[in-house]
Amino acid sequence: MNPRHERPGIPYGTTFSTFVLHEESFDFSWHYHQAYELALITQGRGTRYVGTTVEPLRTGDLLVLGPDLPHTFTSAQDPDHPAEAACAQFPADFLGPDFFALPQFDQIATLLDASVHGIVYSPAPPPVRDILATLMDQPAALQTARLLEALHLLAVAPGGVPITGPGYISAPDPAVRERVDKVCRHLEQVHTRHVELTEVAGLVHMAPTSFSRFFRRAMGRTLTEYLNQLRVETACRLLTNTNAPVIEIAASSGYVNLSNFNRRFRELKGMSPRDYRQAQLRP
């Protein structure tokens, strides 16, 4: 139930890894690793889970993810448009100890420091998009130079938005993160049905009142607020990818009351479900 701890492989002849994920769809695979990661979504739409947040994932998004930041992506299957992401993963010392402490890399160091919260560029700056989309086709030496160029361009580019707040990431106690990760994985699996506080608290052997305080402190929101976030993102996928009536989508997303669904959807998306569906149909 915990996020999988990955150890990114590094090819012979270099000190970092670059690769392209090409799948029928992105499946929920909650994981983290000690490397920094740049992930460019070259194809696919769905949901991204990063730290404490659940937000839409779109083609053209670029994520900058710091070490030990749990994350995963999900998307609907589309045979005509498989999911694809161009990624680069690199340890902090891939160019030697204290390389980014050199004064000429101050801006990149600031970017990497901020990445512990995750950063999203939506869409990615075009020059960075072009670098990452072709990075794995380059010789190792040029890959290194191009990755540095991409980091510099991101460090000076406007538009980068922090993904998650400090509560989850800064928690020094592994037991805190283990509990939160266990709960988040469970909620991702069951949020479309009725969920009792006692059920979730029982996962981590806590009394409901204590768990409520713990969850809000760690996640920066209540359990109900987080469930609404999950359910509304599920509704967004259904509104975009199916022709089902709104009342059916509400039920499929975990809402038994249509008025409550409409209210929560508008709170989080700033528009009604019907308006959201229409907006997705526009070119």
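Consider residue 116 carefully, then state whether it is within 20 Å of residue 34 (Cβ to Cβ) and either in the same structural domain as residue 10 (by the TED database) or open to solvent by 60 Å² or more (accessible area, probe 1.4 Å) (or both).
Numbers: within 20 Å of residue 34 (Cβ to Cβ): yes; either in the same structural domain as residue 10 (by the TED database) or open to solvent by 60 Å² or more (accessible area, probe 1.4 Å) (or both): yes.
Yes: the conditions hold for residue 116.
Only one of the listed residues (195, 232, 204) is under 30 Å from residue 176 (Cα atoms), β-branched (Val, Ile, Thr) and under 19 Å from the mean Cα position of the chain (by Cα). That residue is 232. Working only within the stretch 113-132, note down all residues that are of a type in the set (A, V, I, L, M) and under 13 Å from residue 153 (Cα atoms). Once the filter is applied, which keeps residues that are of a type in the set (A, V, I, L, M) and under 13 Å from residue 153 (Cα atoms), the stretch 113-132 yields 124, 128, 131, 132.
Taking the criterion of being of a type in the set (A, V, I, L, M, F, W, C) and either within 12 Å of the chain's Cα centre (by Cα) or open to solvent by 10 Å² or more (accessible area, probe 1.4 Å) (or both), the residues of the stretch 56-90 that qualify are 57, 62, 63, 64, 65, 69, 73, 76. Among the residues making up the stretch 200-258, those that are among the small types (Gly, Ala, Ser) and in contact (Cβ under 8 Å) with a residue 40 or more places away in the chain are 218, 220, 252, 253, 254.
Considering each residue of the stretch 204-239, count those that are part of a helix (DSSP H, G or I) and open to solvent by 40 Å² or more (accessible area, probe 1.4 Å), and give that number. Selection size over the stretch 204-239: 11. Mind checking whether some residue in the stretch 158-174 is more than 20 Å from the chain's Cα centre (by Cα) and in a helix (DSSP H, G or I)? There is at least one residue in the stretch 158-174 that is more than 20 Å from the chain's Cα centre (by Cα) and in a helix (DSSP H, G or I). For the stretch 126-144, filtered to residues that are touching a residue at least 60 places away in the same chain (Cβ under 8 Å) and open to solvent by less than 70 Å² (accessible area, probe 1.4 Å), the residue that is farthest from residue 19 (Cα to Cα) is 128. The strands (runs of 3 or more DSSP E) located wholly in the stretch 12-131 that include 1 or more residues which are among the acidic types (Asp, Glu) occupy 17-23, 36-43, 53-57, 83-90.
When the stretch 25-41 is limited to residues that are surrounded by fewer than 19 Cβ atoms within 10 Å (Cβ to Cβ) and not small (Gly, Ala, Ser), the one that is modelled with the highest pLDDT turns out to be 34. The set of residues in the stretch 11-47 that are among the β-branched types (Val, Ile, Thr) and free of Cβ contacts under 8 Å to residues at least 60 places away in the same chain contains only 41.
None of 153, 187 is closer than 25 Å to residue 57 by Cβ, part of a helix (DSSP H, G or I) and in the same structural domain as residue 116 (by the TED database) except 153.
The values are calculated or read from the model by the stated rules, or taken from the named source; none is laboratory data. Please read these numbers as outputs of a predicted model, since none were measured by experiment. Don't worry about glycine lacking a Cβ; one is built from the backbone with ideal geometry, like all the others, and counts go over all protein chains shown. The accessibility values were calculated without ligands, DNA or RNA, using every heavy atom of the protein model including side chains. Shrake-Rupley method; radii C 1.70, N 1.55, O 1.52, S 1.80 Å.
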